[in-house]
Amino acid sequence: MSESSVHAAKSEKFLHWSRRYLMLSWGDSALLYPSEGEAMLIALYEFTSKPGREADFENAWADVTEAIYSTQGSLGSRLHKTETLGHYIAYAQWPSRETYEAADASRYSEAQRDALNRMKDVIESAMTLYLMEVCDDRLRSDIMPSTHWNKMSPD
């Protein structure tokens, strides 16, 4: 089955499906359901920005995350500040380990490569802490909608 989408204009809902997941979105909210037999992959990252470069890191991270989302098949990411200035934890969702492992930076446009270089310039350290498969998902996206969903939603 090729990727398809159905738009229900009257209710302003969007339904997207592929072999790997089903996504229902409305307004700023979305629900994601992995296909049977597919385990969604979560990547947990730790970043430390260079001192005084926190805002530059956050802006570059947003641009790089959008590049990954638009070119690599990622389902998006969240960036969290810790109590330590310049220390961040990021949580990225992928429809499968296969999609994550197939990511290839050569797909980036020049502007996306520039964003990646800006991020590298402001990072003191970066580490992948864990690659994890979702075994039970009870995160409620309908309670706290993402402020960036419209910016990252598929066309």
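Every read-out reported here was derived from the displayed coordinates using simple, explicitly stated rules and does not represent laboratory data. This one's a predicted model, so the numbers in the text were calculated from it and none came from an experiment. Glycine also receives a Cβ, built like all others from the backbone with ideal geometry; neighbour counts cover every protein chain displayed.
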For the peptides 51-60, 71-80, what is the packing order when you average, over each peptide's residues, the other Cβ atoms within 10 Å and list the highest mean first? 71-80, 51-60
If amide H atoms are built 1.01 Å from N in the plane of the peptide, which residues on other chains or at least 5 residues away come under 5 Å of the amide H of GLU124? THR48, SER49, LYS50
Phi-derived 3J(HN,Hα) across the stretch 64-80 with the Karplus relation (6.51, -1.76, 1.60, θ = phi - 60°), rounded Hz, x for Gly and Pro, is 5, 4, 5, 5, 5, 4, 7, 10, 10, x, 5, 9, x, 8, 10, 10, 10
Rounded to two decimals, what is Rg over Rh for the stretch 63-116 when you use alpha-carbon atoms and the Kirkwood radius? 1.03
Between the alpha-carbon centers of the stretch 88-134 and the stretch 44-71, tell me the distance in whole angstrom. 9
Once amide H atoms are placed 1.01 Å from N in the peptide plane, what residues at a sequence separation of 5 or more from MET40, or on another chain, have their amide H within under 5 Å of its amide H? VAL134
